[in-house]
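Colleague: Here it is, the structure in full.
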Amino acid sequence: MCNMPWHIAFKRSIVNEFLSMHFTLPVWSKFFLLAAFFGLLGASCNKFEGDQEVPSYLRIDTVLFRSDYYTEGSNTHSITDAWVYVNDQLLGVYELPALFPVLQRDKQKLEIRPGIKLNGISSTRVPYPFYVPYILNDFNFVEDSIRLVKPSSKYYSTSVFAWIEDFENASLSIVSTSHSDTNMFKTEPRNSPEAMINEFSEYSGKITLDQTHKNFELASFNAFVLPRNGAPVFLELDYKCDIPFMVGMFASEGGSVISVPLIFVNASENWNKVYINLGPNVTEHTQASNFKIFFQSSIDTEESANFFFDNIKLIYRPNQ
């Protein structure tokens, strides 16, 4: 008979802990993780690779994010993943909330990088280059134990906010183009249930299309000089909408304006956040002197459609 490295009761508690959490993982991921846990139950006499028989467990429910509203805008975010590093080596990418084993013991360096869905695509996940990693240089990994980690993050101090529009000022920094037959307005009245309401937000931007106004194309009032050569450049946007809309850039090149479509954002009945990667397109247009951001949509068979925007941020970090 073999000597079990930990009690069956403890392993069952790990599985119960896992099952009690409200995961949004894909079905195949849940199956894989559950199989791994039940594998532990059925293979108590098998050692892990190396001399460690018993893993430690980490639990991460969410990542707290904070910002300086007056210089960085709202702290809304959509951090979906934790990129976990131990001693500067990638351990794995975990959709939150997460509970996972780690073959480490005693004090080690733990780093958690906040992850996002790039361009709103679930299959394309990356650490967000503007969010500071959460680092604990002497994190104590305890075998046979679940350690709850509560990471926090903020913007890098080197982040440049070229444009912030949160619709709280009297005038808007977004205007209709000649291809639009309607405008964007602020939600009314103050603290309307249609708006995104929080400590610093009482209004949002609203566009309504109907049988009289079937198209909108809105652009940033200002044009922006953006860095190239691989520097991260992103557009953040909170939104909800009845039908999809397109986000793109106008590139000014040699006296001409070139329309650069970027992505289509799907309809969402609830407030959502998207992080749009502009960097590759900015770098590609080497002759462009500046760029504007635009939003565009139209109705076809629909009788009407509403679009709500908030917390628009154009951010970049110069290459060091």
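The values are calculated or read from the model by the stated rules, or taken from the named source; none is laboratory data. Note that this is a predicted model, so its numbers are computed, not measured. As a convention, Cβ positions derive from the backbone with ideal geometry for all residues, glycine included, and neighbour counts pool all protein chains shown.
Colleague: Does Asn119 meet the test of being outside the structural domain of Leu235 (by TED's automatic domain parsing), polar (S, T, N, Q), under 30 Å from Asp238 (Cβ atoms) and surrounded by 14 or more Cβ atoms within 10 Å (Cβ to Cβ)?
Modeller: Yes.
Colleague: Another one. Within 22 Å of Asn272 (Cβ to Cβ) and either touching a residue at least 60 places away in the same chain (Cβ under 8 Å) or among the β-branched types (Val, Ile, Thr) (or both): does that describe Asp144?
Modeller: No, not satisfied.
Colleague: Can you tell me which residues in the stretch 66-114 are out of contact with any helix residue (DSSP H, G or I) (no Cβ under 6 Å at 6 or more places or on another chain), among the aliphatic types (A, V, I, L, M) and in contact (Cβ under 8 Å) with a residue 24 or more places away in the chain?
Modeller: Step one: list which residues in the stretch 66-114 are out of contact with any helix residue (DSSP H, G or I) (no Cβ under 6 Å at 6 or more places or on another chain), which gives 66-98, 100-114.
With among the aliphatic types (A, V, I, L, M) added as a condition, the list becomes 79, 82, 84, 86, 90-91, 93, 96, 98, 102-103, 110, 112.
Listed by number, the residues that qualify are Ile79, Ala82, Val84, Val86, Val93, Leu96, Ala98, Val102, Leu103, Leu110, Ile112.
Colleague: Please enumerate the residues belonging to the stretch 81-92 that are under 25 Å from Ile276 (Cα atoms) and surrounded by fewer than 16 Cβ atoms within 10 Å (Cβ to Cβ).
Modeller: Leu90, Gly92
Colleague: Something else now. Any residue at all in the stretch 65-74 that's modelled with pLDDT of 95 or more, farther than 30 Å from Phe309 by Cα, surrounded by 19 or more Cβ atoms within 10 Å (Cβ to Cβ) and out of contact with any Asp or Glu (no Cβ under 9 Å at 6 or more places or on another chain)?
Modeller: Checking the stretch 65-74: not a single residue is modelled with pLDDT of 95 or more, farther than 30 Å from Phe309 by Cα, surrounded by 19 or more Cβ atoms within 10 Å (Cβ to Cβ) and out of contact with any Asp or Glu (no Cβ under 9 Å at 6 or more places or on another chain).
Colleague: Scan Glu303, Glu253 and give me the residue that is over 20 Å from Met184 (Cα atoms) and out of contact with any strand residue (DSSP E or B) (no Cβ under 9 Å at 6 or more places or on another chain).
Modeller: Sole residue among the options that is over 20 Å from Met184 (Cα atoms) and out of contact with any strand residue (DSSP E or B) (no Cβ under 9 Å at 6 or more places or on another chain): Glu253.
Colleague: Here is a further query. Looking at Thr177, Thr182, Thr208, which one is among the polar types (S, T, N, Q) and either without any contact (Cβ under 8 Å) to a residue 24 or more places away in the chain or within 18 Å of Glu269 (Cα to Cα) (or both)?
Modeller: Residue meeting the stated conditions: Thr208.
Colleague: Can you work out which of the residues in the stretch 182-208 that are of a type outside the set (Phe, Trp, Tyr) and at pLDDT below 95 is surrounded by the most Cβ atoms within 10 Å (Cβ to Cβ)?
Modeller: Here the answer is Asn198.
Colleague: Take the residues in the stretch 82-111 that are in a strand (DSSP E or B) and of a type in the set (S, T, N, Q); name whichever of them is farthest from Arg59 (Cα to Cα). First the steps, then the outcome.
Modeller: Within the stretch 82-111, the subset in a strand (DSSP E or B) is 82-86, 89-95, 98-102, 106-111.
When the remaining residues are screened for being of a type in the set (S, T, N, Q), the result is 89, 108.
Numbers: Gln89: 19, Gln108: 16 Å.
The qualifying residue farthest from Arg59 (Cα to Cα) is Gln89.
Colleague: Please specify each residue of the stretch 143-175 satisfying the condition of being touching a helix residue (DSSP H, G or I) at 6+ places or on another chain (Cβ under 7 Å) and more than 19 Å from Glu236 (Cβ to Cβ).
Modeller: Asp144, Ile146, listed by residue number.
Colleague: May I pose another question? Being among the β-branched types (Val, Ile, Thr), touching a residue at least 60 places away in the same chain (Cβ under 8 Å) and surrounded by fewer than 18 Cβ atoms within 10 Å (Cβ to Cβ) is the filter here, so list the residues in the stretch 224-262 that pass it.
Modeller: Initially, the stretch 224-262 is screened for residues among the β-branched types (Val, Ile, Thr), giving 225, 233, 243, 247, 257-258, 260.
Checking the rest, the ones that are also touching a residue at least 60 places away in the same chain (Cβ under 8 Å) come to 225, 233, 243.
Once the filter is applied, which keeps residues that are among the β-branched types (Val, Ile, Thr), touching a residue at least 60 places away in the same chain (Cβ under 8 Å) and surrounded by fewer than 18 Cβ atoms within 10 Å (Cβ to Cβ), the stretch 224-262 yields Val225, Ile243.
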